[in-house]
Amino acid sequence: MQKNNDRTAVIFDHDGGIDDLLSLVLLLSMDHVDVLGVTITPADCYPDDALLSTLKILSLTGNQSIPVAVGNKVGPNPFPPDWRAQPRVCHSMPAMLRVEETRGNVSALPADEWMVHFLKQSAVSVTVLMTGPCTNLAHALDACPSIAEKIDRVVWMGGAVDVKGNVAMHDHDGTAEWNAYWDPLATHQLISSGVSVLMVPLDATNALPVNRAFLTQLAKVGTEVSDLAGQFWAATVTAIPAYEFTYFLWDILATAVMGLPSSAITVTSGSIAVSVQTPNAGETYRAANGEGNTVQWVSSVDADLVRNYVISQFSRPFSAFTAENVS
């Protein structure tokens with residue numbers, strides 16, 4: 001893998017949810033990672049809120065120079081409006097209100113076009129970490145297939161392989177995970193693109209609920225970062241009452257994969273296919289007879305190791321997240 005100064009070069013593509021924003025904080029805490037850009041998919045968020053929260057987090061951590069691009073591609077299966085509105089609470093937290101965001105780093109290009117422009121010029125191979133639907137990257141690869149040569153791998157929080165999905169809609173059979181379902185065609189395009197894909201599906205994230213025990217453990221840390229994370233997660237305890245969901249460390253696990261020891265995760269490889277039609281649109285399933293494409297996925301995790309890693313990273317002060325302070 002080519003790296004920039006022995007650190008992993010990353011483009012972070014997210015869709016503005018509470019766990020996406022916490023994933024940005026977690027990613028910026030990693031000393032071995034260079035975040036070269038942040039792109040936003042208007043999926044489980046309203047993009048203005050997602051952009052504002054992203055910019056405030058970059059200001060809090062001293063990373064205002066990282067470019068940000070907002071996508072304008074919309075999937076056919078929208079997230080419920082109350083879910084999309086929920087992340088607005090994030091930029092209303094006291095620590096977020098006290099910091100002024102800067103907007104000089106916001107690209108005029110939509111996210112998919114920014115990806116093409118950036119990757120065509122990149123001198124290093126890049127990991128694309130995605131914690132929302134894969135629409136921005138799918139459109140970028142479709143517009144300019146040659147950028148695949150600049151992608152070392154894709155780490156994507158999406159899919160459900162050997163477990164039930166979390167889509168509960170009247171015209172769906174419940175087999176799909178939401179990020180895959182929001183834009184099934186983009187999911188299919190990613191899996192069939194030929195780039196190296198590591199999925200982080202519900203199979204693994206189901207082991208990591210955001211429960212009171214976890215929040216209590218985090219609260220005992222008592223740093224500015226851990227307190228902000230706890231406030232963000234506190235807003236999820238009644239997040240999805242209509243479907244009686246529990247919030248999980250979905251995006252956090254995908255992000256933690258960038259820093260966890262290999263002993264913390266079990267990775268499986270196999271052929272995966274994607275349905276693009278109802279009643280199972282977005283289903284990511286094991287394929288036979290040459291139907292699918294070979295990908296890897298995190299099939300299980302050591303939940304204690306993951307939780308301890310996340311809490312350890314959130315125990316650091318914001319001043320340690322500034323790029324120039326990283327050795």
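The values are calculated or read from the model by the stated rules, or taken from the named source; none is laboratory data. Quantities reported herein were computed from a predicted structural model and do not represent experimental measurements. Using ideal geometry, Cβ is built from the backbone for each residue, glycine included, and neighbour counts are taken over all protein chains shown.
This table checks each residue for (1) more than 19 Å from residue 68 (Cβ to Cβ); (2) aliphatic (A, V, I, L, M); (3) not in a loop (DSSP other than H, G, I, E, B).
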residue: 103; (1), (2), (3): no, no, no
residue: 112; (1), (2), (3): no, no, yes
residue: 116; (1), (2), (3): no, yes, yes
residue: 123; (1), (2), (3): yes, yes, no
residue: 128; (1), (2), (3): no, yes, yes
residue: 138; (1), (2), (3): yes, yes, yes
residue: 141; (1), (2), (3): yes, yes, yes
residue: 146; (1), (2), (3): yes, no, yes
residue: 152; (1), (2), (3): yes, no, yes
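Whether a residue is more than 20 Å from residue 270 (Cα to Cα), hydroxyl-bearing (Ser, Thr, Tyr) and in contact with a strand residue (DSSP E or B) (Cβ under 8 Å, 6 or more places away or on another chain) was assessed, and residue 205 does not pass this test. Going by what's in this entry, would residue 295 be described as under 17 Å from the mean Cα position of the chain (by Cα), at negative phi and among the β-branched types (Val, Ile, Thr)? In short, no.
Rundown of residues vs (1) of a type in the set (Lys, Arg); (2) surrounded by fewer than 21 Cβ atoms within 10 Å (Cβ to Cβ); (3) within 20 Å of the chain's Cα centre (by Cα), yes/no style:
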| site | (1), (2), (3) |
| --- | --- |
| 153 | yes, yes, yes |
| 168 | no, yes, no |
| 172 | no, yes, no |
| 177 | no, no, yes |
| 198 | no, yes, yes |
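Of everything listed in (1) under 19 Å from residue 193 (Cα atoms); (2) among the aliphatic types (A, V, I, L, M); (3) buried (at least 21 other Cβ atoms within 10 Å of the Cβ), the single unmet condition for residue 116 is (3). On the stretch given as the range 269-286, residues that are surrounded by fewer than 16 Cβ atoms within 10 Å (Cβ to Cβ) and of a type in the set (S, T, N, Q) total 3. Being free of Cβ contacts under 8 Å to residues at least 24 places away in the same chain and not basic (Lys, Arg) is the filter; apply it to the range 186-226 and report the residue that is farthest from residue 303 (Cα to Cα). Ranking the qualifying residues of the range 186-226, first place goes to 222. The set of residues in the range 163-193 that are closer than 17 Å to residue 141 by Cα and out of contact with any Pro (no Cβ under 9 Å at 6 or more places or on another chain) comprises 188, 189, 190, 191, 192. Looking across the range 149-189 at every residue that is out of contact with any Gly (no Cβ under 6 Å at 6 or more places or on another chain) and of a type in the set (Asp, Glu), the one that is nearest to residue 265 (Cα to Cα) is identified as 162.
Is it fair to say residue 105 is of a type in the set (S, T, N, Q), in contact with a helix residue (DSSP H, G or I) (Cβ under 8 Å, 6 or more places away or on another chain) and in contact (Cβ under 8 Å) with a residue 60 or more places away in the chain? Judged against the criteria, residue 105 is not a match.
On the given criteria, is residue 99 touching a residue at least 24 places away in the same chain (Cβ under 8 Å) and either more than 25 Å from residue 311 (Cα to Cα) or of a type in the set (D, E, K, R) (or both)? Spelling it out, it is not the case that residue 99 is touching a residue at least 24 places away in the same chain (Cβ under 8 Å) and either more than 25 Å from residue 311 (Cα to Cα) or of a type in the set (D, E, K, R) (or both). The set of residues in the range 201-240 that are under 22 Å from residue 87 (Cα atoms), among the aliphatic types (A, V, I, L, M), at pLDDT 95 or above and under 20 Å from the mean Cα position of the chain (by Cα) comprises 202, 208, 225, 228, 229. Against the condition surrounded by 16 or more Cβ atoms within 10 Å (Cβ to Cβ), under 18 Å from the mean Cα position of the chain (by Cα) and touching a residue at least 60 places away in the same chain (Cβ under 8 Å), how does residue 126 come out, does it pass? When the stated conditions are applied, residue 126 passes them.
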